[in-house]
Amino acid sequence: MIRVGPTPPTPERPVPDRPGSYRAVELLPRVLEALPVGIGLFELLDDDFRFRYGNRAFARVLMLERMPADGESVGDVFRRNDQDAIIELFRLVRVSRQPQTYFAAEGVLVPATNQIWNIDAYPVFTAARVTYIMVLVEQADEKLQARQREQLEGSRLRQKADHLASLEQAKSEFLRLASHELRAPAAMLGGYLSMIEDESLGAIPERLRPVLPLLKAKAAQINLLANEMVEAARLEDERLELKRKRVELRELVRRSLEAAQPTATPEHRLHFDDRVGHEVWVLGDPMRLEIVIGNLLDNAIKYSPEGGDVLAQLSAVDGLAVLSVRDQGIGIAAEDMSRLFVRFSRLAPYGDVPGTGLGLYLVRELARLHGGDIVAASMPGKGSEFHKK
C-alpha cells in the first residue's frame, strides 16, 4: 500500500561551498553508518533504478543476506513478494517529485516474520531533475500499533455517530407521537373552557371566575407545546410549508400580549411600545408568527421569576419590521449564548424553568423561513433582549 502524506523535507546533496565542507563530505558515510535507520541510495538510469549505496542498517533491517552490489536493480535488491510495490513507489516518487511512503506488515518484505516495515522514499534532484531516490527503512512495530489504535478509535467514533443518529431519530419519532397525543385533548380542554367562559354550560360559580383565565392560559400553553412539537417534527422532516397571507403585525403583537397576560404574575408588567404609529402589513404565516411572538413573550415571563417589565417594541428600520422583546429577568451567561437556539438545549442553571428546549429553536427557524432572523443580547442579572426582523 502506498500513501501520500506529510514527511520530512527532501534532503539535499551537500555542496562544498564554504571552508570545511569537504571534510563534512568525507565524514558523511561514517555518520550514515552510525544511524539505526536503514538508508539506501538508488540512481535513476533510463527507466530503471540502480543501487549505489547502503549503510549496514539497510541490510540488517531488511534482513538481507548481504549488502547489495553497486549497480544492482531495485528488483534485485528487494527480492521479496512486494518488490512490484517498491518499484511502483519509486516510479511515483519520480513522477510526483514528492516524498512517498510505503508500509508493509506481516512478513511481506521478509517472509515468515512478523516484523513491520516503513519505507520512506525521497527524490534527490540534479539541475531540477530527479536523478536519485534515497530510501529510509525502519522496523516500525509502533507505527502498526498506532495504526491499529487509529482504526479502533475510528470504529468507536463511527459507533458513537450511529448511536447519536439513532437518538436523533428517536427524538423525532417522539415529537411526532407526543404532538399527536397532545393536540386532541388540548383542543378539547380549550373548547370546554370556552364554553364555560361564555356560560354555554350554565352560570359560572363566583369562586371559579378568578381561576378561569388562568385555566385558559394553561390550556393555551399546552396547545402551544403541542404546536411546537408538530412544527419541530415538520422542520426535521423538511415538510414545513408557510401559508403566507397579509398580516397586520401590530394587531398580532397586541393579541399575543393579551394571550400572555394570564401566565404573568402580578409582579410582571407587560407593555407594548409601538414605535411605528400606523398599520404594519407583512406577508407571513399568521399561525407561525404567533408561535414566534408567543414564545418570545413566554420566555421573557418565565425567565423573570421576580417580575418586572416585559416590553414588546415594534419599529421599522430600512423597510424592515423589527420586533424586540425585553425583560428584566435573570439573564443568560455569555458561555451559554451559543446553545440558546439549539434544539432540545436547556441551560443548566435554569433547569427548574419549565420548557422543552424547542421554543427558541423554533423561533429562529420560523423567522428565517420568513426571510428574517433573530438575535439575542443578555447579561446575567440584567435581563435579556431578543430582536426579530
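With the convex hull built on the Cα atoms of the stretch 270-311, state its orientation-averaged projected area in nm².
Value for the stretch 270-311: 3.5 nm².
The simple spin-label model puts a point 7 Å past each Cα toward its Cβ; for Q98 and S200 those points are separated by 7.5 nm.
Take the Kirkwood radius over Cα pairs of the stretch 241-389, plug it into Stokes-Einstein at 4 °C and 1.567 mPa s, and you get 83 µm²/s for translational diffusion. Each label was represented as a point 7 Å from its Cα along the Cα-to-Cβ direction; for H271 and L27 these points are 8.4 nm apart.
Would you be so kind as to identify which of L89, L32, A59 lies farthest towards the positive end of the dipole of the stretch 25-103, taking Lys and Arg as +1 and Asp and Glu as -1 on Cβ and the Cα centre as origin? Of the listed residues, the answer is L32.
Reported value for the stretch 235-303: 104 Å³ per residue, from the convex hull of its C-alpha atoms.
Rule-based calculations on the coordinates, nothing more; no lab input. A quick note: this is a predicted structure, and the numbers were derived from the prediction, not measured. Glycine gets a Cβ as well: all are built from the backbone with ideal geometry, and neighbour counts include every protein chain shown.
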